[in-house]
């Protein structure tokens, strides 16, 4: 059996390994470290939890033992897809390099640029970064990558899933052609093969397990639930999840619960807290300090349930995770391998439970096709029943009829509700009339003014005068209207509604009656 002492590592590195309690390397470590020490490019494919991080950290420390870093020019570069994974690599480097004088810098989001700039200005041997923050420093002129001797891409397939392909290709072009490149991943997608063929030179391919396989130490179960209401599917799944956790009992010492969306992570964590479960969320929208605090609490045991998005599914080394619950079936089959790989690590036993609905069937088919075997079906806990609250329509359905002033049930319908009918006419009138009546009642004062006695008396005198000559007034009106028409035709202007009514009818043409044309001509003449 191979031991670390047989791998030609630096004595200081071997001392740190022994103090950490390790003697025998894992298969990926035993296969990758000798080739890395020879300076060859390495393409490592292994399941999660098999020690890929040490596969590149140990030879890197040995190779960088000689030499000295210059300001703003790191000697090696490690790229990680997430902040948590980058921080974990930094912790491993500190563990194995504590007897050396090598320096490191961690470049991740959520941390001040000024502090990171100070570390880079001093000169670092190992630079551990996420692609986005690394390019930010480079574009600000604070970093040069022309001195990189060793470049590592950890969790390469996750890099591709998160859309880092353009950034990775650009970073490769910024590093020297003579660099040594190490690729490590749990799965091997076609896009990764294209990049490895482009940027790796005759790599040593170390594949210690078939691609996209699950560990034999993990007990997998699939629990299928058919919701009684589609709009209450999530709520009924949460009730089933609590029943499954309770059924596991003391065997479930801690667990990671995975959701597909960040919003669902927050909802599930809040629901578990409501029912007395010690849970906390972690996803990409949280502050880095809060994310690290949550992870530290989960590691030291003060937090029992970690509700996470796929940001925590890749590369996090938390050895003693007893259970993994897939609250949502992952939409990408590769994510299933990484999620359940958080348990059953380093030879320990683990349990992975997935809750599925009929809508998840296509995702289940893709997963079973990837792992080349069906997921064992499990039974719903005995005595589980969906509550009445989860079988009623969701609140959002009730609120759909209460629009914001649009359609039926809007503000127009809500306004007449407090108005009580007044008299017989109000009780028989439709909804618009009570509204008009209510408006009229609010202004009762102006009505008696036109009904005052002095006003009708002077109005009676002028009435006979226009009544005596009604026809001349009507005869004069066409002249005024014609003048307005001619003015409007010449000036192109129209004012008020009366002028709009006097406008000629468009489309009459030859169908205008002759007597009208004759009358207009005679009057103009």
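No other residue among 172, 138, 177, 164 is at pLDDT 90 or above and under 20 Å from residue 44 (Cβ atoms) apart from 172. If the condition is being touching a residue at least 24 places away in the same chain (Cβ under 8 Å) and either assigned to a helix (DSSP H, G or I) or in contact with a strand residue (DSSP E or B) (Cβ under 8 Å, 6 or more places away or on another chain) (or both), then segment 254-264 contributes 254, 255, 256, 257, 258, 259, 262, 264.
Would you list the helices (runs of 4 or more DSSP H) that sit entirely within segment 1-75 and hold 2 or more residues that are touching a strand residue (DSSP E or B) at 6+ places or on another chain (Cβ under 9 Å) and either assigned by TED's automatic domain parsing to the domain that holds residue 92 or on the phi < 0 side of the Ramachandran plot (or both)? First the steps, then the outcome.
On the way: elements: 11-20, 27-37, 52-63.
Where helices (runs of 4 or more DSSP H) fall fully within segment 1-75 and carry at least 2 residues being touching a strand residue (DSSP E or B) at 6+ places or on another chain (Cβ under 9 Å) and either assigned by TED's automatic domain parsing to the domain that holds residue 92 or on the phi < 0 side of the Ramachandran plot (or both), they are 27-37, 52-63.
Kindly establish whether residue 274 is over 21 Å from the mean Cα position of the chain (by Cα) and under 17 Å from residue 387 (Cβ atoms). Yes.
This table checks each residue for (1) in contact with a helix residue (DSSP H, G or I) (Cβ under 8 Å, 6 or more places away or on another chain); (2) closer than 27 Å to residue 350 by Cβ; (3) surrounded by 16 or more Cβ atoms within 10 Å (Cβ to Cβ); (4) in the same structural domain as residue 357 (by TED's automatic domain parsing).
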residue	(1), (2), (3), (4)
175	no, no, yes, no
180	yes, no, yes, no
202	no, no, no, no
245	no, yes, yes, yes
249	no, yes, no, yes
253	no, yes, no, yes
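Got at least one residue in segment 300-310 being out of contact with any helix residue (DSSP H, G or I) (no Cβ under 9 Å at 6 or more places or on another chain), outside any helix (DSSP H, G or I), within 19 Å of residue 80 (Cα to Cα) and in the same structural domain as residue 248 (by TED's automatic domain parsing)? Within segment 300-310 (the criterion being out of contact with any helix residue (DSSP H, G or I) (no Cβ under 9 Å at 6 or more places or on another chain), outside any helix (DSSP H, G or I), within 19 Å of residue 80 (Cα to Cα) and in the same structural domain as residue 248 (by TED's automatic domain parsing)), the answer is no, since none of the residues qualifies. In segment 360-383, the residue that is farthest from residue 26 (Cα to Cα) out of those that are in contact (Cβ under 8 Å) with a residue 40 or more places away in the chain and in a helix (DSSP H, G or I) is 364. On the stretch given as segment 275-297, residues that are touching a residue at least 24 places away in the same chain (Cβ under 8 Å) and either outside the structural domain of residue 246 (by TED's automatic domain parsing) or assigned to a helix (DSSP H, G or I) (or both) total 5.
The values are calculated or read from the model by the stated rules, or taken from the named source; none is laboratory data. The shown structure was predicted, so the numbers you read here are calculated from the model rather than taken from an experiment. Heads up, the Cβs are rebuilt from the backbone with ideal geometry, glycines too, and the neighbour counts pull from every protein chain shown.
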